[in-house]
Amino acid sequence: MFKKKKENDENLMDMIPQKKIESIVNEEGKTILLRPKWQGKLGKKWIQPRLKKEKAFFRVNLDEMGAFVWNCINNKKTVYDIFKEYENNFQEEENALNRLIMFIKILTKNQFIELKSTKIETG
């Protein structure tokens, strides 16, 4: 009668994150994500372009770990590849995998990135 919603059975570690927003590095070397304030069709077309650069974006400051992960996202590396790089650079970090997964999920939920499948669709 009711069909159970099909779950995405692909492992998060096999997904490829792709950036959907821009970022800048400030004078202090900190990475800041720039999320447009207007994201609807009308807002993107008419309002966002007319705003001054300082007022057109929400600014999201990243810590050292977040900046490292953000800079590793290049539309080619999987989450697993990023984790391995992270693990090599931050060896003393406890719960590195859990922290990375949580960060990737937050980026996805806030539409800063999207996750693409590495599986090849066959039809």
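The values are calculated or read from the model by the stated rules, or taken from the named source; none is laboratory data. Everything quoted here is computed from the prediction, not taken from an experiment. Here the Cβ is made from the backbone with ideal geometry for all residues, glycine too, and neighbour counts use every protein chain on show.
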Taking Asn75, is it surrounded by fewer than 16 Cβ atoms within 10 Å (Cβ to Cβ), without any contact (Cβ under 8 Å) to a residue 40 or more places away in the chain and either among the polar types (S, T, N, Q) or within 21 Å of Ile32 (Cα to Cα) (or both)?
no
Subset of region 65-87 [closer than 22 Å to Lys30 by Cβ, part of a helix (DSSP H, G or I) and not hydroxyl-bearing (Ser, Thr, Tyr)]
Met65, Gly66, Ala67, Phe68, Val69, Trp70, Asn71, Cys72, Ile82, Glu85
Scan region 88-116 for residues that are assigned to a loop (DSSP other than H, G, I, E, B) and touching a Pro at 6+ places or on another chain (Cβ under 7 Å) and jot them down.
none
Check whether at least one residue in region 22-42 is modelled with pLDDT of 70 or more, hydrophobic (A, V, I, L, M, F, W, C) and closer than 18 Å to Ile104 by Cβ, and report yes or no.
yes
